[in-house]
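Novice: Please find one structure pasted underneath; my questions will follow.
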Amino acid sequence: MQNVQHLIGLPVLLANGRQAGRVQDIGFDEFWRLSCIILDKRIWFRKAVYAVDWSDVAACGDDALVVSARAVLRKIPRHRLLRTFQTGIVKLKELPVYTVEGRELGRVADVYFRSPEGTQIIGYELTDGFLADVFEGRRRLILPEGSEGVSLGENAILVPASCERVLTREPYAESDR
C-alpha cells in the first residue's frame with residue numbers, strides 16, 4: 001500500500017538516468033483513479049505543466065519514479081488539470097468525508113492506493129485539524145469493499161455508514177513524518 005503524500009517531491013527519472021523533474025501532484029480521471037503524475041518542471045509563465053500518464057511509469061519505488069523515455073512527458077495547459085490531489089480545479093486534499101447518514105468523519109489529508117496497480121484508491125487518511133492531529137493522531141479509513149459505495153464529488157466524499165466502524169487512529173501516520 002502506498003500513499004500519495006509519499007510520492008510528492010520524489011524525482012522522476014528517465015531510463016537513461018537523467019532526471020525529468022519531481023512529482024508536484026497526482027492527477028485523477030473522472031472515476032477518481034490515478035491517471036497521471038504532474039511534474040514541477042519549469043515552464044515559462046506557468047500556464048502549462050508537464051504530465052506523465054500513470055501507465056507510462058515503469059517503476060514506482062520508495063525513492064524515485066522511473067519513466068521509459070522523454071517522449072512520455074506531455075505538456076498540458078494548467079487550466080485542464082481537473083481532478084488532482086492538491087493543485088487542480090477539484091482538489092482531493094481537504095475534501096470533507098461524510099457517511100451517507102450525514103456524519104462527518106474528517107477531511108482528506110492523504111490517499112492510499114495499491115502500489116503495483118497504482119490506480120484504485122483504497123483508503124484515506126483523515127484529519128480533524130492540526131491540534132487534533134498532534135494530540136490524537138490522524139485516522140485511517142481503509143475501504144473494505146474498495147471504492148464500492150463511495151461517491152467522490154466536487155465538494156465532498158460520501159462513504160457507507162459502515163465505514164465509521166473501520167476507522168483506525170494512527171498517532172504518527174506516515175505522512176506526518
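Bear in mind these aren't lab numbers, they're just calculated from the coordinates by the rules spelled out. For clarity, every value in this text was computed on a predicted model and none was experimentally measured. FYI the Cβ positions are ideal-geometry reconstructions off the backbone, even for glycines, and counts take in every protein chain you see.
Novice: What 222 nm value per residue comes from the helices of the chain, counting each DSSP H run with n ≥ 4 as -39,500 (n - 2.57) and dividing by all residues, nearest 500 deg cm²/dmol?
Specialist: -1000 deg cm²/dmol
Novice: Can you list the HN-Hα couplings for the stretch 12-26, worked out from phi with the Karplus curve (6.51, -1.76, 1.60; θ = phi - 60°), rounded to whole Hz and with x for Gly and Pro?
Specialist: For the stretch 12-26, the Karplus-derived couplings read 10, 10, 7, 4, 8, x, 6, 8, 8, x, 10, 6, 9, 7, 10 Hz, x marking Gly and Pro.
Novice: Is there a quick way to get the dipole size of the stretch 2-89? I mean about its Cα centre, with the Cβ of Lys and Arg at +1 and of Asp and Glu at -1; what is the value in debye to the nearest 20?
Specialist: The dipole of the stretch 2-89 has a size of about 540 debye.
Novice: Per the Kirkwood treatment, what hydrodynamic radius in Å, one decimal, follows for the stretch 2-89 from the mean inverse distance over all distinct Cα pairs?
Specialist: Hydrodynamic radius (Kirkwood, Cα pairs) of the stretch 2-89 is 12.9 Å.
Novice: Checking the cross-link filter: which lysines have an alpha carbon closer than 21 Å to that of residue 41, excluding same-chain neighbours under 8 positions apart?
Specialist: 75, 91
Novice: Further, regarding this structure: Could you tell me what % of all Cα pairs in the chain have separations over 26 Å?
Specialist: 31
Novice: Hey, another quick one. Only Lys, Arg, Asp and Glu count, each charged at its Cβ (+1, +1, -1, -1), so figure out the dipole size of the chain about its Cα centre, rounded to 20 debye.
Specialist: I would put it at about 1000 debye.
Novice: With no solvent and one equal point scatterer placed on each C-alpha of the stretch 51-147, evaluate the Debye formula and give log10 I(q)/I(0) for q = 0.13, 0.15, 0.22 Å⁻¹, two decimals.
Specialist: -0.62, -0.79, -1.24
Novice: Something else now. Among 127, 99, what is the fewest-to-most ranking by other Cβ atoms within 10 Å?
Specialist: Neighbour counts put them in this order, fewest first: 99, 127.
Novice: Which of 33, 139, 74 ends up with the largest GNM mean-square fluctuation for the chain, with Cα atoms connected below 10 Å?
Specialist: 74
Novice: Between the DSSP loop rule and a limit of at most 12 other Cβ atoms within 10 Å, which chymotrypsin sites (Phe, Trp or Tyr not before Pro) in the stretch 27-83 are left?
Specialist: 31
Novice: Further question on the same structure: I need the phi-derived Karplus couplings for the stretch 49-63: 6.51 cos²θ - 1.76 cosθ + 1.60, θ = phi - 60°, integer Hz, Gly and Pro marked x.
Specialist: 9, 9, 9, 10, 4, 4, 5, 8, 7, 6, 8, 10, x, 6, 10
Novice: Using Cα centres only, tell me the gap between the stretch 58-105 and the stretch 1-43 in whole Å.
Specialist: Using only Cα atoms to place each centre, the spacing works out to 8 Å.
Novice: What's the ranking of 120-126, 102-108, 17-23 by average number of surrounding C-beta atoms within 10 Å, highest first?
Specialist: Put in order of decreasing packing, that is 120-126, 102-108, 17-23.
Novice: Need one number: % antiparallel among DSSP beta bridges in the chain, to the nearest 5.
Specialist: Roughly 85 percent of the DSSP beta bridges within the chain come out antiparallel.
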